[in-house]
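Student: Have a look at the structure that comes next, please.
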There are 2 protein chains.
Amino acid sequence: MLLAKSTENAIQLIIYLIRHADNDYIRVKEIAEQCNISFFILSKIAQKMIKAGILESYTGPNGGIKLVKNPSDIQLIDVVQSIEGTDVLDKCILGFEHCGEMNPCAVHQHWKEAREVILNMFEGKTLKEIIDIDELKEVYSV
Amino acid sequence: MLLAKSTENAIQLIIYLIRHADNDYIRVKEIAEQCNISFFILSKIAQKMIKAGILESYTGPNGGIKLVKNPSDIQLIDVVQSIEGTDVLDKCILGFEHCGEMNPCAVHQHWKEAREVILNMFEGKTLKEIIDIDELKEVYSV
DNA sequence: AACATTTAAGACTTATGATTCCTAAATATA
DNA sequence: TATATTTAGGAATCATAAGTCTTAAATGTT
């Protein structure tokens, strides 16, 4: 599995937020129900993204969470890194500590190319673009 | 992490076997020492690859494991699948059960392209080719 | 036959991530 | 001020992967 399950959930949460954002806070409970994810799990994930500066929260009635930035200023990689840390895919795919340009393992070059494409998937487009394209196609929504 | 740690070890084991194969069985203990992996872990990994038909073993003095096929007939994907199962990377990256061509999630198309490249890394070249290129460059060996 | 070597395989332990639960803190509203 | 709502965050549980140990089975060598 490329992404941790909690990262999958984080992305689902963000997509829901973007699709339903109207400057109000949205309750985590609502998102959990709509996305069919445990409320407790989503709460924790939200907290991580709050610490990462992607979301902000408000406690109390009418409270909830919302995006700090505009969807056109967020990349998938920001969400992924907020959950998995900043060194995603950084390591040698064979697990060699000292593998690198100076000291490549047997599949270093191949992995480098593949990683480029994966990171491009995470960095290339903003979340807004991804959602927009998606809406255009009138397809499966979160 | 893209690959499970045991899959990393499996690939290291295979590369060692290819580099030191001379039709004799090689002791798992030797591989474990040379590759700096726990003997117990490598034993289990070897057993999985034996069940997958990649390796064969011989019990007793002068026993050990060796490749069943020629390195030019083995692809990385064979090794990966022997440990991780045959549905590696098959699932939706956002974890949606029903995501597919008919019902794509917001990042389905992007993930499809990235997966293509990853699988190509695993399928495109035989292990022999990977090792040969590596030797040519006189670089880091396992 | 006895012994040493080596894989086979199951049991056990540890580590990590996923999940659930519970109490506290913040705050709008009546 | 009392109450209901909602996030915050720690504790506890569960599941799965990783790692270790122990005994059995196979077989070459003496």
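FYI, it's all coordinate maths here, none of it is from the lab. Just so we're clear, the structure is a prediction, and the values are computed from it rather than from any experiment. All Cβ positions, glycine included, derive from the backbone under ideal geometry; neighbour counts span all protein chains shown.
Student: Calculate the spin-label point distance for B:C35 paired with A:A52, positioning each point 7 Å from the Cα along the beta-carbon direction, and give it in nanometres.
Tutor: The answer from the label model is 3.3 nm.
Student: Sequence neighbours fewer than 8 away in the same chain don't count; with that in mind, list the lysines whose C-alpha is under 30 Å from A:K44.
Tutor: Of all the lysines, those that pass the test against A:K44 - Cα under 30 Å, at least 8 places apart if same chain - are A:K5, A:K29, A:K66, A:K69, A:K91, A:K125, A:K128, B:K5, B:K91, B:K112.
Student: Label-to-label distances across copies for B:S43, with labels 7 Å out along Cα→Cβ, in nm, shortest first?
Tutor: Label point to label point, same position, other copies: 4.6 nm.
Student: Measuring nothing but label to label, 7 Å from Cα along Cα→Cβ, what are B:E56's distances to the other copies in nm, shortest first?
Tutor: 6.9
Student: Also, I was wondering about something else. Provide an ascending nm list, one decimal, of label-point separations from A:N23 to the equivalent residue in each further copy; define each label point as 7 Å from Cα along Cα→Cβ.
Tutor: Ordered by distance, the counterparts are at 8.1 nm.
Student: May I pose another question? Specify the residue with the greatest mean-square fluctuation among A:D132, A:D87, A:D78, computed from a Gaussian network of chain A linking alpha-carbon atoms under 10 Å apart.
Tutor: Residue with maximal mean-square fluctuation among A:D132, A:D87, A:D78: A:D87.
Student: If you don't mind, there's one more thing I want to ask. What FRET efficiency, computed as 1/(1 + (r/R0)^6) with R0 = 25 Å and r the Cβ-Cβ distance, is obtained for A:K69 and A:A4, rounded to the nearest 0.05?
Tutor: Numbers: r = 23 Å, r/R0 = 0.92.
After rounding to 0.05, the efficiency reads 0.65.
Student: Using Cα-Cα distances under 8 Å and only pairs 6 or more residues apart, what relative contact order does segment A:8-86 have, in percent? Mind showing how you got there, number by number?
Tutor: Values: 85 pairs, mean separation 27.8, N = 79.
Contact order relative to length: 35 percent.
Student: With a cut-off of 8 Å between alpha carbons and a minimum separation of six or more residues, what is the relative contact order of chain B in percent?
Tutor: Details: 144 pairs, mean separation 36.4, N = 142.
Relative contact order here is 26 percent.
Student: What does the C-alpha gyration tensor say about the overall shape of segment B:80-122? Classify as rounded when a/c is under 1.5, otherwise prolate if a/b is larger than b/c, or oblate.
Tutor: Values: a/c = 2.91, a/b = 1.55, b/c = 1.88.
Oblate shape, in that a/c is at least 1.5 and b/c is the bigger or equal ratio.
Student: Also: Which residue of chain B is nearest the rotation axis onto chain A, counting by its Cβ, and what is the distance in whole Å?
Tutor: With distances in whole Å, chain B gives B:V117, 2.
Student: For segment A:40-92, build the charge dipole from Cβ charges (+1 Lys, Arg; -1 Asp, Glu) around the Cα centre, then report which of A:G64, A:I45, A:C92 sits farthest towards its positive end.
Tutor: Value computed over the given set: A:G64.
Student: If a cysteine in chain A has no other Cys Cβ under 4.7 Å from its own Cβ, put it on the list, ordered by number.
Tutor: Result for chain A is A:C35, no neighbouring Cys Cβ within the cutoff.
Student: Here's a follow-up. Could you identify which residue out of B:I41, B:I83, B:I65 has the top mean-square fluctuation in a GNM of chain B using Cα springs shorter than 10 Å?
Tutor: Among B:I41, B:I83, B:I65, the largest mean-square fluctuation in the Gaussian network model of chain B belongs to B:I41.
Student: To the nearest 500 deg cm²/dmol, what mean residue ellipticity at 222 nm is calculated for the protein assembly as shown from DSSP H runs of n ≥ 4 alone, each contributing -39,500 (n - 2.57), summed and divided by the residues? All intermediate terms of the calculation are to be shown ahead of the outcome.
Tutor: On the way: 12 runs with 144 residues, N = 284.
Taking each H run of at least 4 residues, the total per residue is -15500 deg cm²/dmol.
Student: Compute, for segment B:5-137, the length of the dipole vector about the Cα centre, with Cβ point charges of +1 (Lys, Arg) and -1 (Asp, Glu) only. Units Debye, rounded to 20. Don't skip to the answer; put the middle values down first.
Tutor: Working: 15 positive and 20 negative charges, 81 e Å.
Using Cβ point charges on Lys, Arg, Asp and Glu, segment B:5-137 gives about 400 debye.
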